[in-house]
Amino acid sequence: MDQTEKPSFFITTPIYYVNAAPHLGTAYCTMLCDVQARYRRASGYDVKFLTGMDEHGQKVAEAAEAHGMTPQEWCDSQAPLFKGLWEQLEVSNDDFIRTTEPRQTRAVQRLWERMRDSGYLYKGSYDGWYCVPEETYFTENQVRKSDEERGAEGQHLCPDCGRPLERVQEESYFFKLSAFQDRLLALYDEHPDFVQPSFRMNEVRSFVEGGLQDLSVSRTSFDWGIKVPFDEKHVTYVWFDALLNYATAVGFADEAPEAKAEYARRWPAQCHVVGKDIIRFHCVIWPAMLMAIGEPLPEHVFAHGFLTVRNSETGQAEKMSKSRGNVIAPADVVERLGVEGYRYYFMTDVTHGEDSAISFERMDQVYNADLANSWGNLVSRALNMSAKYFDGKVPELQEGWAARENPLREIALGIEGRYAEKMEALDYAAAKDVVMELVHAANHYVEDSAPWTVAKDPARAGELVDIIVNLLESIRICAHLFAPIMPETSAEVLRRMGLAGEAETEDLAAACEWGGLAGGVEVTKGDALFPRLATKK
Ligand code: ME8
């Protein structure tokens, strides 16, 4: 089918600050999007999956200085780390945006002009507090609340992350965010699923109900950013720049006819996936910016929780973060579990709306129980038996086999619908449970039907065919359903069953119908897909 005839599905990750190498937290969010992008491609959507880097602002400028580089040199040196990691982790993004690219400069400058024309912009001066690690302004009131928690040297601390704040006094342009309170509340009323999971909506709503302050959107005390086109001593506040990336990447402010067509087709985005730390930027400021310039609003913002690690001094679970320096490198997990085991653990064992403490012990447990002992073991047993009893092949299919009742067929009927509902809600743990039900049932079926006994009795040859076929058919369906999470091993399973051509399906529902198995094709036994881990590594 021509791509443009399919419905568009545009999904984005946050663009990550380039202040340090990517870590498990950034990889986690990127993977959440990747799984959704792969699932949607398999379900017939024309997907655009965007990720990238947020390269401006004080934090990045300071990181560059600390490394003795210009900000641009620093960003250029970091880009391969992000791109390389996404490739290694099988992230299938279609675009990678950097905010220092000309397309972003052009778009941001156009935003300034449209903001000025909208009447929601005015010049003033900012006098208040600023958290550099979070690139966020705080009012005197917000800071005062944390006064009693002053740092050792009596500094004012960030009410969100607890780190010292800077006092900022500078000439600045302001965006009249305060004018959007009613329209934002109306948006949340009319589109209760704008913010997901739903409990996050309450948080956003009460923040807006509390009243909105106008937002300082330009800075004059440093120069690492996009210049305001009509007042060049101002550079754009990093969030005002960064949020626009989503629209830039689909052609905002690009007058070329193809870009205009792309923008009309792709905007608004279906889903911005972000961490809960940046929910206000995405659910308050970003929609208000779009309202101000008269552009459509994104359909959904999905906010996930944090991966946390235990602080060895305090014993408390704390957010894994580049600025705190408590990150685990993705390479350590890849080395332990392989890329597909890594993806499986983070996508199915971490609850996506909540904070989750991660541990190597749990990773090993999940890998061994689900992948080595259940899914991997099922595949190898079934392929081995097929090869052994049927001369290296999938048995020839018997008349009417797909309509014959058996416990696996019963579970498999309608499985894609049950799974799709969970996948669309980004509830990958529940989607996995749907698939694992069939995996576990198939393992029990092997025990209950005892093909090794049936094989000894020539009178039961037909029964043996059906047992092996039912197993292989269940495996074929599970491989399709696992593919968004574990693309390589699923493709490998299908290849071993002589179905390599099926791996890139664009009609998952049809692919998962009971009865799609090919009979008589060669089977490849191959090495264990998920070798069992020793309990301690
Ligand atoms: O905020 N657990 O970039 P950033 C889970 N540039 N996810 C985590 C995490 C953790 N411990 N730590 C980080 C920025 N993340 C801005 C975004 S978008 C227009 C601009 C993920 O590098 C999570 O998704 O600080 C979080 O929202 C994001 O990384 C922040 O990345």
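Okay, here's what the table says:
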| item | result |
| --- | --- |
| Distance between the stretch 310-329 and the stretch 443-509 - C-alpha centres, whole angstrom | 43 |
| Rounded if a/c under 1.5, otherwise prolate or oblate - the stretch 245-383, Cα gyration tensor axes | oblate |
| Cross-link partners of K456 among aspartates and glutamates (Cα-Cα below 18 Å; sequence separation of 8 or more within a chain) | D391, E447, D448, D466 |
| Theoretical FRET efficiency, 1/(1+(r/R0)^6), r = Cβ-Cβ of T524 and E313, R0 45 Å, to 0.05 | 0.30 |
| Acute angle (nearest 10 degrees) that the helix 24-42 long axis makes with the longest principal axis of the chain, alpha-carbon atoms | 60 |
| Of every Cα-Cα pair in the chain, the percent that sits beyond 34 Å | 45 |
| Mean Cα-pair separation over length for the chain, i.e. relative contact order, pairs under 8 Å, 6 or more apart, % | 16 |
| Additional length obtainable on full extension of the chain from K456 to D193, 0.36 nm per residue less Cα span | 88.9 nm |
| For H300, residues with placed amide H under 5 Å, excluding near neighbours | C271, H272 |
| Violating pairs (Cα-Cα greater than 26 angstrom) within the set K48/K422; K176/K319; K59/K276 | K176/K319 |
| Extended-chain gain in nm, criterion 0.36 nm per residue less alpha-carbon gap, E140 and L81 | 17.4 nm |
| Within the accessible area of the chain (1.4 Å probe), percent carbon and sulfur | 48 |
| Helical mean residue ellipticity (222 nm; -39500 (n - 2.57) per DSSP H run of 4+; nearest 500) of the chain | -13500 deg cm²/dmol |
| Inter-centroid distance (Cα atoms) of the stretch 235-267 relative to the stretch 125-141, Å | 27 |
| Sorted peptide list for 273-286, 328-341, 448-461, criterion being average Cβ within 10 angstrom, highest first | 273-286, 328-341, 448-461 |
| Karplus 3J(HN,Hα) series, Hz, for the stretch 9-14 with 6.51 cos²θ - 1.76 cosθ + 1.60 (x for Gly, Pro) | 9, 10, 10, 9, 9, x |
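The values are calculated or read from the model by the stated rules, or taken from the named source; none is laboratory data. Bear in mind the structure is a predicted one, so any value in this text is a computation, not a measurement. All Cβ positions, glycine included, derive from the backbone under ideal geometry; neighbour counts span all protein chains shown. The accessibility values were calculated without ligands, DNA or RNA, using every heavy atom of the protein model including side chains. Shrake-Rupley method; radii C 1.70, N 1.55, O 1.52, S 1.80 Å.
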